[in-house]
1. Relative contact order of the chain, please, whole-number percent, based on alpha carbon pairs below 8 angstrom and at least 6 residues apart.
2. Which residues in the stretch 317-357 place their backbone N less than 17 Å from a point set 7 Å from the Cα of Asp296 along the Cα-to-Cβ direction?
3. Name the most mobile residue of Gly221, Gly190, Gly97, meaning the one with the largest mean-square fluctuation, in a Gaussian network model of the chain with Cα contacts below 10 Å.
4. Between Thr306 and Arg51, what length comes free when the chain is fully extended (0.36 nm per residue of separation minus the Cα-Cα distance, one decimal in nm)?
5. What list of ³J(HN,Hα) couplings, whole Hz, do you get for the stretch 175-181 from phi and the Karplus terms 6.51, -1.76, 1.60, once you set θ to phi - 60° and write x for glycine and proline?
6. Using the alpha-carbon atoms, what tilt in degrees (0 to 90, nearest 10) does helix 238-249 show relative to the longest principal axis of the chain?
7. Given the options Thr23, Ala345, Val71, identify the residue whose Cα lies farthest towards the positive end of the charge dipole of the chain (+1 on Cβ of Lys, Arg; -1 on Cβ of Asp, Glu).
8. Give me, ordered by chain and number, the residues 5 or more places off Val328 or on other chains with an amide H under 5 Å from its own placed amide H.
Amino acid sequence: MSGTGAPGGADVPESEKVEVGLTAEEVEAYEALQEKVRQGRTLQLTMQAPRRGKPPRHWADLDPEQRREAVLEAGLPRFRADQLSRHYFERLEAEPGSWTDIPAVERDQLATAFFPDLMTSVRPLSCDAGTTVKTLWRLHDGALVESVLMRYGVAGIRASGSGRSRTTICISSQAGCGMACPFCATGQGGLQRNLSTAEIVAQVVDGAARLKAGEIPGGPGRINNVVFMGMGEPLANYKAVLGAVRVLTAPAPHGLGISARGITVSTVGVVSRIDQLTAEGIPVTLAVSLHAPDDDLRDELCPINTRWQVDQVVESAWRYFLATGRRVSIEYALIREINDQVARAELLADVLRRDGGWGWVHVNLIPLNPTPGSKWTASKPEDERAFVRRLQARGVPVTVRDTRGREIDGACGQLAAAER
Ligand code: SAH
């Protein structure tokens, strides 16, 4: 999500800065962040989110039993709980006006008690003929996050790619990120706060509602995949993320009924939490952002490596596979002349190799999306090809990710939550 370009920055005349939907303070804060990024890495790893005012409690923060209790406590009949869930999760109707099976007075009461305004869309941006849509959200306390909807395989829209028709939404789990990876725009902005379960779920509900309403080219559709690859380190906000996974996967009417296999939790390698996730036994897809096979380089690219090293991260990913049978995805952003040497491809294969072959893992190479002012860029095409060929020669399953949304700063690592 964004960062690149000059969001209200130097090239934008003063007079045009007003109508983008952000306040002067927000624009100023963003400019300060841009400056920090230009100056290079400035941040330390932060595991603990700053304590800020909690977002108001929302229906999606509660489990089905708590919802029933809450409705009873409000003096309303218990069955209203399931009715409400049906409206929000199944019909995707967040507006009380459409809850016509509930008396109008009760509707208002329920809306006030359980459906506070969590977030406002500041401005959606789209590309790929409308099949990639990035939304910038302003949360109740002014924190900004982004989510990106990507529809694939839309007939007649070449930019949406080929293959079967499907839609993925990339969502944020924190406002900012404390992991301080120097090549990532979000990582360079620091951590503002954790999102609540409902703030995470609401991003998906919004995307699902737009798809259902036919707002995205390709006719009415539904969300097939949810990836925690927006802003933030999901496993550093474990409880809220797990809560969100539960709501996303719960069958109607209690949740969105998305298959756990269609959900990808992407982590920079918080090993203690990977192990905890393994113990939950929920078959989500785990993606691990490795980016380097050797500790020296990984210490630099992913500061968390100073706490849990390459071997420990790969071991925990392997345990995840053993427990769930889910093939683990290893993310590797190819950075020109930094981590893209054939020798590193060889080392990566060594590090990932486990008894029983390659069935447990898949390497996903991501051509680096440059962030503003960064000295790093994507690998040369011939180096990328050589890297891929070496992995293939070793038998490692590998694909190069087609990144979407670069022109709207919506691609991997570009999310910095600011207006252009
Ligand atoms: N904190 C999670 C989610 C991050 S975003 C994690 O680290 O996995 C998802 C992916 O985008 C991660 O693999 C991340 O390392 C990668 N990424 C970050 N910045 C990038 C950039 N500039 N170019 C390409 N990929 C990037």
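1. On the way: 848 pairs, mean separation 82.0, N = 420.
Reported as a whole number, the value is 20 percent.
2. Inside the label zone: 337-348, 351.
3. Gly97
4. Going from the current span to full extension adds 89.3 nm.
5. 8, x, 7, x, 7, 6, 5
6. The angle comes out at about 70 degrees.
7. So the residue we want is Ala345.
8. Amide H to amide H, under 5 Å and 5 or more residues apart or across chains, Val328 pairs with Val361, His362.
The numbers here are math on the coordinates, done by the rules we state, and not lab data. Because the structure is predicted, anything quoted here is derived from the model rather than measured. Please note: Cβ atoms are built from the backbone with ideal geometry, for glycine as well, and neighbour counts cover all protein chains shown.
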